[in-house]
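Have a look at the structure below before the remarks.
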Amino acid sequence: MNLRTIIAVLGLAVLAAGCSTPTDGTATPTTSPSGRTLPYGGAPKVENPLPDDVFSLSPCQALTPEQIKEQLGSEIPGKPDNDAVPGCTWTNSESGGFIGVSFYGNDNDGLSNAYANVRPRMKRFDALPPIQGFPAVAYSSSPGPFSSSCDVNVGVTDRLSFLAHVAPRDSKANKADPCPLAADVANDVVTTLKQKAGR
């Protein structure tokens, strides 16, 4: 397991740390499994949520081959990763560029989890402009804009969110801000999810 993969797994573990007992997901709830009203922790409300079943597709279907080629330079097949949460990774072995997408289900409290449990552990935590109308945050364990990777978490309902983890190619690592790249990937994922929802 290379360093970028280890960083990605650690990021997933931090985000999953706030998980509670799953619910049946029959409707878009307004409370968490623990009874807390959503959103909490300073997280914004998702005003126009996607349907609860929007994550029924595989995370490896969240990005098209064309989008992967645009982001990583070649059409790399996704590798499913379901260790912590449903996820998929794409790695350009030549450049070192890396993309990971993870879907966080009804038991994870969406962006509220990120605000309440992830923000205190990060050196950088930035609220982003909404991505196609959906609230988003970018965060990293490294301070400042020049880091080796960045996570962008997007709330698609008050209970559901997805994470786009991006590490730029080796020549750009720690020399450029990876968060705009992660936001671009997140935007592509939102496009896919909206198409699935018929929007």
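The values are calculated or read from the model by the stated rules, or taken from the named source; none is laboratory data. Being a predicted model, the structure only gives us computed values, none of them experimental. In this analysis, Cβ positions are derived from the backbone assuming ideal geometry, glycine residues included, and neighbour counts consider all displayed protein chains.
In the range 85-119, of all residues being crowded, with 24+ Cβ neighbours inside 10 Å and small (G, A, S), the one that is farthest from S32 (Cα to Cα) corresponds to G97. Output the residue which, of all residues in the range 50-84 that are more than 16 Å from the chain's Cα centre (by Cα) and assigned to a loop (DSSP other than H, G, I, E, B), is surrounded by the fewest Cβ atoms within 10 Å (Cβ to Cβ). Residue satisfying both the conditions and the ranking: P77. Applying the set (1) in contact with a helix residue (DSSP H, G or I) (Cβ under 6 Å, 6 or more places away or on another chain); (2) closer than 22 Å to S95 by Cα to D170 leaves exactly one unmet item: (1).
List pairs: first in the range 148-169 and under 11 Å from A186 (Cβ atoms), second assigned to a loop (DSSP other than H, G, I, E, B) and at pLDDT below 95, Cβ under 6 Å, 6+ apart or cross-chain? The qualifying pairs are C150/P178; V166/P178. I'd like the residue in the range 141-199 that is among the basic types (K, R) and in a helix (DSSP H, G or I) and, out of all such residues, is nearest to Q61 (Cα to Cα). The extreme case among them is K196. Among the residues making up the range 85-105, those that are within 17 Å of L193 (Cα to Cα) and not in a loop (DSSP other than H, G, I, E, B) are G87, C88, G100, V101, S102, F103, Y104.
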